[in-house]
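Everything below concerns the one structure shown next.
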Amino acid sequence: MNKERRTARRYRIFLPIEFSAASEQKAQPLSGETRDISVRGIYFTTEQELIPNIQLDLRLVLPAQLVQGADVLVLAQGKVVRTEKKMEDGSERVGVAVGIETFEIIRPNL
């Protein structure tokens, strides 16, 4: 019997995301696209190979139409919990599940 273990609501959202290894703060950010987002995790796809347990810094913008106001910047840190190779639009991508450890929401000054 497969029991759902998620405790936070997931939202199926397709948004650009930037990420970098937390240990490489001056590195050029890499990019991907989100598939599912919750307060506890993010699943995104990318062309980059990542390994489980690596710490990532994540950055994405929630557009105004989703948050009923102005665009909102989300900065998060988390750990890669799993990766999987998958085909999308005829090219191989890597699906990455990240468990969120901390996040900050930055709203524009009103």
Only unsatisfied item for residue 70, checking (1) assigned to a strand (DSSP E or B); (2) over 16 Å from residue 10 (Cα atoms); (3) open to solvent by 30 Å² or more (accessible area, probe 1.4 Å); (4) of a type outside the set (Phe, Trp, Tyr), is (1)
Exercise for the section: Consider residue 98 carefully, then state whether it is closer than 21 Å to residue 9 by Cβ, of a type in the set (A, V, I, L, M, F, W, C) and surrounded by 13 or more Cβ atoms within 10 Å (Cβ to Cβ). Expected result: yes
The residue from 49, 92, 18 that alone is charged (D, E, K, R), in a strand (DSSP E or B) and loosely packed, with under 13 Cβ neighbours inside 10 Å is 92
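The values are calculated or read from the model by the stated rules, or taken from the named source; none is laboratory data. Nothing here was measured: the structure is a model prediction, and the numbers come from that model. A quick note on method: Cβ atoms are made from the backbone with ideal geometry, for glycine too, and the neighbour counts reach across all protein chains shown. Only protein heavy atoms, including side chains, enter the accessible area calculation; ligands, DNA and RNA are left aside. Shrake-Rupley method; radii C 1.70, N 1.55, O 1.52, S 1.80 Å.
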